[in-house]
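Asks: Below are the structure tokens for one structure; questions will follow.
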Amino acid sequence: MIQGVQVVGLYVRNQDEALAFYVDKLGFRVHTDVRNGDYRWLTVQHPDQPSFQLGLFTPGPPVHDAATAQTLQAAVAKGAMPPLVLAVADCRAAHERMCARGVEFTQEPIDRYGTVDAGFRDPSGNGWKMIEARRQG
């Protein structure tokens, strides 16, 4: 029986650069960092969501040949991958904290659809939406 999603992976151009971004700027922590030859399995998780891991993977051997890896990296860099979504209690306050940490936003916080959202990209080009939880009442 399926018990849920444990890891979702992102393609990143440089795992060390991605690790610094997700830990130092977004507040994630390292869950797993192991190597098997040239292959590195690197996952991070948010402290408030310990059952879920975000994999930071570099396209290439043994999973991809060089041409496929280059194509995937180019697609990520262009922002062509589907956006990921972070839930936040206060989008504007989170935006201010993240800007102070050096996160570059592609969309400032805006009121939309009964909530507030903002957009940013990681150093590899992966797009993120940050959406404030709807207030009840």
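The values are calculated or read from the model by the stated rules, or taken from the named source; none is laboratory data. Just so it is clear, the model here is predicted, and its values are computed rather than measured. Reconstructed Cβ throughout: ideal geometry from the backbone, glycine too, with neighbour counts over all protein chains shown. Accessible surface areas use protein heavy atoms only, side chains included; no ligands, DNA or RNA. Shrake-Rupley method; radii C 1.70, N 1.55, O 1.52, S 1.80 Å.
Asks: Kindly check whether there is at least one residue in region 71-81 that is without any contact (Cβ under 8 Å) to a residue 60 or more places away in the chain, under 24 Å from Trp128 (Cα atoms), in contact with a Phe, Trp or Tyr (Cβ under 6 Å, 6 or more places away or on another chain) and of a type outside the set (Phe, Trp, Tyr).
Replies: Among the residues of region 71-81, not one is without any contact (Cβ under 8 Å) to a residue 60 or more places away in the chain, under 24 Å from Trp128 (Cα atoms), in contact with a Phe, Trp or Tyr (Cβ under 6 Å, 6 or more places away or on another chain) and of a type outside the set (Phe, Trp, Tyr), which makes the answer no.
Asks: Please go through region 44-64 and pick out each residue that is in contact with a Phe, Trp or Tyr (Cβ under 9 Å, 6 or more places away or on another chain) and either over 20 Å from Ala75 (Cα atoms) or among the β-branched types (Val, Ile, Thr) (or both). So that I can check it myself, show each step before the final result.
Replies: To start, the set of residues in region 44-64 that are in contact with a Phe, Trp or Tyr (Cβ under 9 Å, 6 or more places away or on another chain) comprises 44-47, 54-63.
Scanning region 44-64 gives Val44, Gln45, His46, Pro47, Thr58, Val63.
Asks: Moving on. Is it true that some residue in region 116-131 is hydrophobic (A, V, I, L, M, F, W, C), under 14 Å from the mean Cα position of the chain (by Cα) and within 16 Å of Gly9 (Cβ to Cβ)?
Replies: yes
Asks: If I ask for residues that are among the acidic types (Asp, Glu) and open to solvent by less than 60 Å² (accessible area, probe 1.4 Å), which ones from region 96-130 would you list?
Replies: So in region 96-130, the residues among the acidic types (Asp, Glu) come out as 96, 104, 108, 111, 117, 122.
Those that are among the acidic types (Asp, Glu) and open to solvent by less than 60 Å² (accessible area, probe 1.4 Å): Asp117, Asp122.
Asks: Would you confirm, using the coordinates I've provided, whether Val12 is touching a helix residue (DSSP H, G or I) at 6+ places or on another chain (Cβ under 8 Å), at pLDDT 95 or above and open to solvent by 60 Å² or more (accessible area, probe 1.4 Å)? Spell out the reasoning first.
Replies: On the way: touching a helix residue (DSSP H, G or I) at 6+ places or on another chain (Cβ under 8 Å): yes; at pLDDT 95 or above: yes; open to solvent by 60 Å² or more (accessible area, probe 1.4 Å): no.
Answer is no for this residue.
Asks: Follow-up question, since we're still on this one. For Gln45, state whether it is over 12 Å from Asp122 (Cβ atoms), in contact with a Ser or Thr (Cβ under 7 Å, 6 or more places away or on another chain) and at pLDDT 95 or above. Full working, then the answer.
Replies: Values: over 12 Å from Asp122 (Cβ atoms): yes; in contact with a Ser or Thr (Cβ under 7 Å, 6 or more places away or on another chain): no; at pLDDT 95 or above: yes.
Taking the combined requirement at face value, the residue does not satisfy it.
Asks: Could you tell me which residue of region 28-60 is surrounded by the fewest Cβ atoms within 10 Å (Cβ to Cβ), considering only residues that are among the small types (Gly, Ala, Ser) and farther than 12 Å from Gln15 by Cα?
Replies: The initial filter retains those residues of region 28-60 that are among the small types (Gly, Ala, Ser), namely 37, 51, 55, 60.
Right, trim to farther than 12 Å from Gln15 by Cα and you get 37, 51, 60.
Working: Gly37: 7, Ser51: 9, Gly60: 17.
Among those residues, the one meeting the criterion is Gly37.
Asks: Look through Ala93, Ala89, Ala133, Ala66 and report the one residue that is aliphatic (A, V, I, L, M), surrounded by fewer than 16 Cβ atoms within 10 Å (Cβ to Cβ) and in contact with a Gly (Cβ under 9 Å, 6 or more places away or on another chain). Break it down stepwise before answering.
Replies: Numbers: Ala93 fails: in contact with a Gly (Cβ under 9 Å, 6 or more places away or on another chain); Ala89 fails: in contact with a Gly (Cβ under 9 Å, 6 or more places away or on another chain); Ala133 fails: in contact with a Gly (Cβ under 9 Å, 6 or more places away or on another chain).
Going through Ala93, Ala89, Ala133, Ala66 in turn, the sole match is Ala66.
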